[in-house]
Amino acid sequence: MIRKSIFTVALTSLLFIQCNTNTDFVIAKDQVGKLQKSNTIEELETIFAADSIVRDTTLTRIGAAVKKINIYEKGGKQLLTLTPNTDSIPKIGIIRIYDPRYVTEKGVGLNSTFKDIEDKHTIKKITSALNNIVIFLKDSDAYFTIAKTELPSNLQYGSSTNIEAVQIPDNAKIKYMMVGWD
């Protein structure tokens, strides 16, 4: 009886550890889940063998480059959109994250807030666009977009406004999460 309960505890612990060390959704230096920065576009079929890959089919010319590649789970949930670079051996240039399970090594993802970004990462710079601000990190290839509607009203209009971290509310939600490997 004691051996059986020890075995059960050991097995449960092993399963718990395995579930919590799953790197399929971790964004680290030169890595987004199963993807590595060094992977070529041709390797996607192998990397995402258990998932569905949908390539942009609007281009009909022979030899034309694919503009976007969408990755879906078999159940239909979108995980990522990949934009290839234009090198002679195409690799992934930009990744847009759709699935909130993808998080940085420090635990920041789509369900995080600006406070989470600020507390867990070092901000390299903040740029302002027409409707959004983009937050670039020093310690990661990931960057985050926050809608200007999340900001105080005096910062919501105009693209030339310099916005600093202290002006962004802690509870500002992330609109997009992307990784740039260009």
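The values are calculated or read from the model by the stated rules, or taken from the named source; none is laboratory data. This structure is a prediction, so every number in the text was calculated from the model and none was measured. When we count neighbours, we look across all protein chains shown, and the Cβ atoms used for this are built from the backbone with ideal geometry, even at glycine.
What the table below lists for this structure:
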{"item": "Residue in the range 30-44 that is more than 12 Å from the chain's Cα centre (by Cα), at pLDDT below 95 and over 23 Å from S140 (Cα atoms) present", "result": "yes"}
{"item": "Filtered residue count, the range 90-119, keeping only those that are out of contact with any Pro (no Cβ under 8 Å at 6 or more places or on another chain) and either closer than 22 Å to Q78 by Cβ or assigned to a loop (DSSP other than H, G, I, E, B) (or both)", "result": "16"}
{"item": "Any hit, the range 116-130, residues being modelled with pLDDT of 95 or more and within 13 Å of V179 (Cβ to Cβ)", "result": "no"}
{"item": "Residues located in the range 120-178, provided they are part of a loop (DSSP other than H, G, I, E, B), aliphatic (A, V, I, L, M) and buried (at least 16 other Cβ atoms within 10 Å of the Cβ)", "result": "L151, I163, I168, A172, I174"}
{"item": "Residue check for I168: touching a Lys or Arg at 6+ places or on another chain (Cβ under 7 Å), farther than 24 Å from D24 by Cα and of a type outside the set (D, E, K, R)", "result": "no"}
{"item": "Count of the range 25-58 residues which are out of contact with any helix residue (DSSP H, G or I) (no Cβ under 7 Å at 6 or more places or on another chain) and either assigned to a strand (DSSP E or B) or aliphatic (A, V, I, L, M) (or both)", "result": "15"}
{"item": "Only listed residue being over 17 Å from the mean Cα position of the chain (by Cα) and of a type outside the set (G, A, S), chosen from T104, T149", "result": "T149"}
